[in-house]
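Notes to accompany the following structure.
The values are calculated or read from the model by the stated rules, or taken from the named source; none is laboratory data. Everything numeric in this text was worked out from a predicted model, so none of it was measured. As a convention, Cβ positions derive from the backbone with ideal geometry for all residues, glycine included, and neighbour counts pool all protein chains shown. Accessible surface is based on the protein model in full, side chains and every heavy atom, while ligands, DNA and RNA are left aside. Shrake-Rupley method; radii C 1.70, N 1.55, O 1.52, S 1.80 Å.
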Amino acid sequence: MMVSKSVSPSAKIGFIGLGNMGYPMARNLVNAGYQLTVADLDQERLQRFCQETGSTAGNSLSALGAASQVVITMLPEGKAVRQVLLGNGGDAVVPGLAKGAILIDMSSSSPVGTRALGSELAALGYSLVDAPVSGGIHKAADGTLAIMVGGEPAVYEACQPLFAVLGKSFHTGGPASGHAMKAMNNYLSAATLTLTAEAVITGTRFGLDPKIMVDILNASSGRSNSSEQKFPAYILPRTFDSGFFLGLMAKDLRFALELAEAEQAPCELLRRLSHIYDAAEQELGFKADNTDIYRYLESLAGKEQG
Ligand code: NAD
């Protein structure tokens, strides 16, 4: 496979998925000098982005592919990524791509699915790099995301200038290793959020002040990113607006469980947590906020938990 030259500013980038994360990430790339051709199913977001940044909306996915040295996807998950890259007999990115173009999936996709997609694309002569991110909408806007990159070392090196605009990158190893890392990170993130919620709800019912509880946790061994960031910002003020859909976290937990089961790793807690998130998504809907898991747990009070 041809090793691509460095993806420095002025390179032509296709960017698909201008949602809560993709929009500010793509805007940072434009501000750094990259020329973007963009796509999103949501026409309102697409037009707003083009007006704000002077970027071009692709006439079709294949035209976006033909105009780009690198195509980034920032979609809900890997099935949508497969659909936009390969299509299903319809419009898709890959038929338009020049040889040597790089595909970067920055969505939190299933590592199992990414491995399969990467092999199919390699057979067609294209490198797929998985580069999911952590940090949420504020770090996406600030360009301070953690980026976990799986793929060939030479392709990772070529993409360094682009990743540097978005945050701090780590090479996790071969194809799909970034997506495996991200699934494990989000398992821990959902776990600390849920565990802290159970502890704070219990303490509050006993008569403790939830704000004082969180202050004490943050000076004690029970602290975590959830107690330090999410509780003060979104849960204690009861705004529940972190900008990360509950349905996306439920999906990440299913991917983490799929991976743990495939590797025959211990996953009793993960299985239970994934079950809780699936039930919460069913009750509150995909677009409830991730931090709404707190309200969901409050609502279970006194109910039998199956
Ligand atoms: P989002 O739902 O806000 O954005 C997804 C965008 O993709 C939407 O604008 C949607 O219209 C578009 N889209 C969906 N299918 C499409 C298709 N077939 N063709 C073109 N556009 C399509 O989600 P988000 O919060 O931006 O998350 C994106 C990814 O990043 C997810 O995998 C998520 O798990 C991950 N992530 C999110 C956060 C966060 O805090 N929001 C943090 C880290 C990682």
Applying the selection to segment 112-124, what residues are within 13 Å of the ligand (Cβ to nearest atom) and farther than 16 Å from Gly87 by Cα? none
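Within segment 229-252, track down each residue that is acidic (Asp, Glu) and surrounded by fewer than 14 Cβ atoms within 10 Å (Cβ to Cβ).
Within segment 229-252, the first condition is being acidic (Asp, Glu), and the residues that meet it are 241, 252.
Residue satisfying the conditions is Asp241 alone.
Name the one entry in Val70, Val81 that is at pLDDT 95 or above, closer than 18 Å to Ala101 by Cα, within 12 Å of the ligand (Cβ to nearest atom) and open to solvent by less than 30 Å² (accessible area, probe 1.4 Å).
Details: Val70 fails: within 12 Å of the ligand (Cβ to nearest atom).
None of the others qualify; the one that does is Val81.
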Filtering segment 116-133 down to residues that are under 15 Å from Val71 (Cβ atoms), at pLDDT 95 or above and in a strand (DSSP E or B) yields Leu128, Val129, Asp130
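Go through Arg272, Arg295 for me and flag whichever is outside any loop (DSSP other than H, G, I, E, B), open to solvent by 90 Å² or more (accessible area, probe 1.4 Å) and out of contact with any helix residue (DSSP H, G or I) (no Cβ under 9 Å at 6 or more places or on another chain). Full working, then the answer.
Numbers: Arg295 fails: out of contact with any helix residue (DSSP H, G or I) (no Cβ under 9 Å at 6 or more places or on another chain).
Result of the check over Arg272, Arg295: Arg272.
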Looking only at segment 133-157, and only at residues there that are within 14 Å of the ligand (Cβ to nearest atom) and charged (D, E, K, R), the one that is nearest to the chain's Cα centre (by Cα): Lys139
Going by what's in this entry, would Gly243 be described as part of a helix (DSSP H, G or I) and within 16 Å of the ligand (Cβ to nearest atom)? no
Hey, any hits in segment 193-215 for a residue that's without any contact (Cβ under 8 Å) to a residue 60 or more places away in the chain, surrounded by fewer than 23 Cβ atoms within 10 Å (Cβ to Cβ), under 30 Å from Gly100 (Cβ atoms) and of a type in the set (D, E, K, R)? no
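Quick one: is Gly14 out of contact with any Leu (no Cβ under 8 Å at 6 or more places or on another chain), more than 11 Å from the ligand (Cβ to nearest atom) and either in a strand (DSSP E or B) or closer than 15 Å to Val70 by Cα (or both)? Break it down stepwise before answering.
On the way: out of contact with any Leu (no Cβ under 8 Å at 6 or more places or on another chain): no; more than 11 Å from the ligand (Cβ to nearest atom): yes; either in a strand (DSSP E or B) or closer than 15 Å to Val70 by Cα (or both): yes.
Criteria not met by Gly14.
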